[in-house]
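Computed from the coordinates by the stated procedures, all read-outs in this text should not be read as laboratory data. Everything quoted here is computed from the prediction, not taken from an experiment. Glycine also receives a Cβ, built like all others from the backbone with ideal geometry; neighbour counts cover every protein chain displayed.
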Amino acid sequence: MPGVLRKIKKSPHPSVPEKAEIEVKGADDLYREIRVDNALSDKDGEKVRLKQGAEVDVTIEADDKDTTKH
């Protein structure tokens, strides 16, 4: 699902990563915003952070054993 990084929540302590607040487009109102650690890795394994306003794709994955046919 497409999303946009709306806010970056600063960390209250250096040992706690800052949070990226992402607005998920098309989600129900109560679930439109999610927060994740803004401590990511790029394709080369380098540590990176998202910038405010970044467009992102939110993906949900599960093992086959954890799904049922619909």
Along the stretch 9-25, Karplus-curve 3J(HN,Hα) (6.51, -1.76, 1.60; θ = phi - 60°) to the nearest Hz, with x for Gly and Pro, reads 8, 4, 6, x, 8, x, 7, 10, x, 5, 10, 9, 9, 10, 8, 8, 5
Residue separation between GLU23 and LYS10 times 0.36 nm, minus their alpha-carbon distance, gives in nm 2.9 nm
Candidate cut points under GluC sites (Glu not before Pro) in the stretch 23-70, DSSP loop plus at most 15 other Cβ atoms within 10 Å of their own Cβ, are GLU46, GLU61
The relative contact order of the chain, taking Cα pairs under 8 Å that sit 6 or more residues apart, comes to a percentage of 33
Listed residues ASP42, ASP57, ASP28; largest mean-square fluctuation, Gaussian network over the chain with Cα springs below 10 Å, found at ASP42
Placing +1 on each Lys and Arg Cβ and -1 on each Asp and Glu Cβ in the chain, then taking the dipole about the Cα centre, the residue among PRO17, GLY3, THR68 whose Cα reaches farthest towards the positive end is PRO17
Cβ density ranking, 10 Å radius, fewest first, applied to SER41, SER11 yields SER41, SER11
Residue separation between LEU30 and LYS43 times 0.36 nm, minus their alpha-carbon distance, gives in nm 1.5 nm
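What do the square roots of 5 times the Cα gyration tensor eigenvalues come to for the stretch 2-54, in whole Å, largest first, as semi-axes of the equivalent ellipsoid?
Details: eigenvalues 89, 43, 14 Å².
Each semi-axis is √(5λ); the values are 21, 15, 8 Å.
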Restricted to pairs 8 or more residues apart or on different chains, the lysines in the chain with C-alpha atoms under 14 Å apart form a number of pairs equal to 7
Which residues qualify? For LYS7, with a placed amide H closer than 5 Å and at least 5 residues away or on another chain, they are GLU21
Output for the stretch 30-60: trypsin sites (Lys or Arg not before Pro) sitting in coil per DSSP, at most 11 other Cβ within 10 Å, listed by number, reads LYS43, LYS51
